[in-house]
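Single-structure report; data block below.
The values are calculated or read from the model by the stated rules, or taken from the named source; none is laboratory data. Quantities reported herein were computed from a predicted structural model and do not represent experimental measurements. When we count neighbours, we look across all protein chains shown, and the Cβ atoms used for this are built from the backbone with ideal geometry, even at glycine. Heavy atoms of the whole protein, side chains included, go into the accessibility calculation; ligands, DNA and RNA do not. Shrake-Rupley method; radii C 1.70, N 1.55, O 1.52, S 1.80 Å.
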Amino acid sequence: MAAILGGGLGGLSTGYYLLKNNITNNNNLKIFLLEATDYCGGWIKSIRTKDYIFEQGPRTIRPRGATGLNTLNMLQDLGLSEHISAIKPDHPAAKNRMIYVNNSLHLLPSSIKSVFQKTEPFSKPLIYAALNDLKNPHKELKDDSIYNFVERRFGKEIADYAVSPMICGICAGDAKEISVKFLMKTLFEYEQNDGGVIKGLMKGMFKSKNETEIQLGDLAKRAQEEKWNVYSLKGGLQTIPNKMRQYLQDNDVNLHLNSQIDELEFVDSSLVKLKKGNETLTANHVYSSIPSHVLAKLVMKQHPDLAKILNDIPFVTVGIVNLYFATRKPLIKPAFGFLVPPIENSPILGVVFDSCCIPDQNGTVLTVMLGGRWFKEKFGPNITKEQLYDIAIKEIKSILKIDEQVSAHNVSILDKCIPQYVIGHYERVDEIRQYIVNNNLPISLIGSSYDGVGINDVIYSAKTQVEEDIIK
């Protein structure tokens, strides 16, 4: 009997891969899933009407690398191939990404040619950043912030205007705190092993690539052939967890909604008691996809040392304001959207032009992201949804010069929604998993708290943990 904690994408993916293992290995493992709320899908939520789609969480998925191709294989298996809407390299959402600096929007360089041209807000052509890397000595470190690494190798402007806003867009975090291994592990290894990024890249050209081999389905092959940049799903990304939930129910996974566990008690290496109120459930193994700080509360009584390390992973809160303008008049230039570097000291992290990247939108749809690492600093502890809406409207009017009346809107405050992979994160995760091994605890950790914050990362995390448990 296997218990899955959490009905978000990590928990649903765990159920999917456990069921696949049952089929492949002719097993009959009984599975039940416990979700504290009345909804399966975690932070993936789509509000759909005939005129617009509001995504309250992620809205697009990247198809690249082993994790991206793995997701496409899963979507094909779930029968979602026809629901996919791909953004290809020639699409404005792929080519046009902007940053807001000094009261102006600036297109980021997106071609080889633009690397050799001076583009505001950069004071020099970006090729000078490569020269900076070649002449600067390397610094021996076990880890570093992504900001420090980029500033050291490529210069302060690249750190401020390229990498810092990118980190805001990916995890709503501060590049001065986030580990370089979060996004640039290979580049950091080039610096540490070869003395610089360019030197490492040159040496790497003559080495055989050691990428994880994944057998590609037709959908993944199509994504590679057509060189998809990102993709979304018709009807919104919530289509994915909805389909996964149905798949689990169709294959006899017992889903318990509104079932919040109060405590985990590990009896031995193959028995766990899951306590909720006066009721106690038992399982031979637990797959935890809930946030690390929530799991910490469940193991605190029996394993306080483990709880402490789990609590050491920080999380941030993000405000999301979705806006719909019904007018047919074009209000924005075709683009993915724009991000705001932290040095601009803005209350917003950025704006996504959803009507450019998501199909089936009539009019203009925008999503404003606020706060993140600076949520409490900017807004205090008692900010209301109405106040966030007012801030978002003020910024939209100022930056995009939109004076049209908003036809519909939605505001969400996503409390502790994104874990922050600060310096030392990967060592911390290793320490957590080593504690579990040393104490023979029948639990596997899955999801964004540990192995990557993106949709692909979370799905692949489930696949990896299930496969590792099979090997054991």
(message) So if the hydrodynamic radius of the range 226-305 is defined as the Kirkwood radius over C-alpha pairs, what does Stokes-Einstein give as its diffusion coefficient at 20 °C and 1.002 mPa s, in µm² per second?
(response) 137
(request) Please list, or write none, the aspartates and glutamates whose alpha carbon is within less than 12 Å of the alpha carbon of LYS463, excluding same-chain residues fewer than 8 places away. (result) ASP451
(request) Enumerate the calculated ³J(HN,Hα) couplings along the range 335-344 in order (Karplus 6.51 cos²θ - 1.76 cosθ + 1.60, θ = phi - 60°), each rounded to whole Hz, writing x wherever the residue is Gly or Pro. (result) 5, 6, x, 9, 10, 10, x, x, 5, 7
(request) Give the span of the range 337-390's Cα atoms along each principal axis, as three whole-Å numbers ordered largest to smallest. (result) 37, 26, 15
(request) Please give the net charge around ASP457, taking every other residue with its beta carbon less than 14 angstrom from that of ASP457, where Lys and Arg add +1 and Asp and Glu add -1. (result) +4
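How much of the calculated P(r) for the range 1-120 lies past 21 Å, in percent of all Cα pairs? Please list the in-between numbers first.
Values: 4365 of 7140 pairs.
Every Cα pair in the range 1-120 considered, those over 21 Å come to 61 percent.
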(request) May I ask for the net charge around ASP218, where only other residues with Cβ less than 13 Å from the Cβ of ASP218 are counted and Lys, Arg are +1 while Asp, Glu are -1? (result) -2
(message) If you average the C-alpha positions of the range 425-472 and of the range 1-17 separately, how far apart do those two centres end up, in angstrom?
(response) 13
(request) For the range 30-183, list log₁₀ I(q)/I(0) at each q in 0.10 Å⁻¹, using the Debye formula over Cα point scatterers of equal strength and ignoring solvent, two decimals each. (result) -0.56
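Please go through the range 194-291 and write out the GluC sites (Glu not before Pro) that DSSP classes as loop and that have at most 10 other C-beta atoms within 10 Å.
Here the sparse-neighbourhood loop sites are GLU211, GLU213.
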(request) Return the percentage of antiparallel bridges among DSSP beta bridges fully within the chain, rounded to the nearest 5 %. (result) 75
(message) Across the chain, what fraction of all alpha-carbon pairs, as a whole percent, falls in each successive 20 Å bin from zero upward?
(response) 22, 56, 21, 0
(message) I need to check one value: relative contact order of the range 103-195, counting alpha carbon pairs closer than 8 Å and at least 6 residues apart, in percent.
(response) 25
(request) First select every other residue whose beta carbon is under 10 angstrom from the beta carbon of TYR147; then total the charges, Lys and Arg +1, Asp and Glu -1. (result) -2
(request) Express the relative contact order of the chain as a whole percentage, based on alpha carbon pairs under 8 Å and six or more residues apart in sequence. (result) 25
(request) Can you tell me which of 137-148, 65-76 comes out highest on packing, and rank the rest after it, using the mean Cβ neighbours within 10 Å? (result) 65-76, 137-148
(message) Can you return the aspartates and glutamates within cross-link range of LYS301? Criterion is Cα-Cα under 18 Å, with same-chain partners fewer than 8 residues away left out.
(response) ASP262, GLU263, GLU265, ASP268, GLU279, ASP312
(request) Whole number in Å², please: accessible area per residue of the chain, 1.4 Å probe, ligands, DNA and RNA not counted. (result) 47
(request) Order these peptides, 88-99, 410-421, 2-13, by their mean beta-carbon neighbour count within 10 angstrom, highest first. (result) 2-13, 410-421, 88-99
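In whole percent, how big is the carbon plus sulfur part of the accessible area of the chain, probe 1.4 Å, protein atoms only?
49
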(request) With 20 Å as the limit, write out which pairs from LYS176/LYS401; LYS95/LYS227; LYS45/LYS397; LYS276/LYS297; LYS30/LYS416; LYS30/LYS273 have Cα-Cα distances beyond it, or answer none. (result) LYS176/LYS401; LYS45/LYS397; LYS30/LYS416
